[in-house]
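The values are calculated or read from the model by the stated rules, or taken from the named source; none is laboratory data. Model, not experiment: these values are computed from the prediction. Positions of Cβ are generated from backbone atoms using ideal geometry, with glycine treated the same way; all protein chains shown enter the neighbour counts.
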């Protein structure tokens, strides 16, 4: 799917306005041109009507007013008075009073003329036939001059109207986008600060949106505060009994000899793991950007110890762990790496189906992949891993990686799950 280019509100509206403006400009120009040509087409009718109206007024005032008899305009009292050369172009029976009729005639070979006829019948003046005859070339030239002038004036008028409209709409757009810009600045301040000053925008919907943003941020802030407080308290409460347990186990390990020491060693290991876990939880709860000190360690022995400690999870199952180490030493945050490593390996052991767990360690990343059955979904794997034993779960692993600047990848294939951790060397 093609990536959609993200635009600002003002940019989106600006381009839409330009497109609409160009469309309106074309439509208005076409309409003005159309009506202008319609007016020019009716120019002859309008002129003869005007002349006829003037003549009729004169006849109403003085019935003896002589009728015009020039080449361009003649008037007759009866149909028979009209010369046959002109009369034959019209049908008397279809004439309607007040209507103008127009025909094109060839007065001389190659010489075209336009003939107009207006029939008027009123009691005040009686029947009246008014004819007007003009050279077609003269009319075409006149119409061409008029059309050129009309088109220029139409374009100038349309352009002026569109310019005024553009200026007005851009001004309104700027006035409208200003509150949006203020809302964006206020939201940025709200993101950076826990408590931003309350603001009042001139648009009611923006005030509603600002209130919803503030309410959402306040809820998230309060949730994070409670979570951090719980982690701090829980970690502090755990450290004292863990220290006591570890001291007692050290004493027992010193006093007891023989096969029982294996059990004590496992208990000591679990106690140290819990101690590292509480330290990590406190570090997450502090929300501090202070970096954790790196520690170089030999990775081969570290991996062997981790694998051996998780062998009890695959006892009696057709499952084994195959590991490959491609470097001699790592220089990273050892305690946090041990927590992440142990958690991912434990999840792989607990949720694997029959087969082999592949574990590979490089200088810049760790990869653990395990087979899974079709019934085990990605969601159940992630949710279950966060509730089993004292493992951090994939969500907290992701939080540790994010805070350390590591990259955590989780991939699901039809019959395999792969978790990877990448760090900067």
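Residue by residue through the range 109-130, note down the ones that are closer than 18 Å to residue 70 by Cα and modelled with pLDDT under 85.
113, 114, 115, 116
Given the criteria in a helix (DSSP H, G or I), within 26 Å of residue 273 (Cα to Cα) and at pLDDT 70 or above, does residue 250 qualify?
yes
For the range 345-388, give me each residue that is modelled with pLDDT of 90 or more and in a loop (DSSP other than H, G, I, E, B).
Passing the criteria: 362, 363, 364.
Okay, residues lined up against (1) touching a strand residue (DSSP E or B) at 6+ places or on another chain (Cβ under 8 Å); (2) under 24 Å from residue 372 (Cα atoms); (3) in contact (Cβ under 8 Å) with a residue 40 or more places away in the chain; (4) buried (at least 18 other Cβ atoms within 10 Å of the Cβ):
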{"position": "258", "(1), (2), (3), (4)": "no, no, no, no"}
{"position": "262", "(1), (2), (3), (4)": "no, no, no, no"}
{"position": "269", "(1), (2), (3), (4)": "no, no, yes, no"}
{"position": "274", "(1), (2), (3), (4)": "no, no, yes, no"}
{"position": "312", "(1), (2), (3), (4)": "no, yes, no, no"}
{"position": "319", "(1), (2), (3), (4)": "yes, yes, no, yes"}
{"position": "330", "(1), (2), (3), (4)": "yes, no, no, yes"}
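Kindly check whether there is at least one residue in the range 284-297 that is touching a strand residue (DSSP E or B) at 6+ places or on another chain (Cβ under 7 Å) and either modelled with pLDDT of 90 or more or in a strand (DSSP E or B) (or both).
The answer is yes; a qualifying residue exists.
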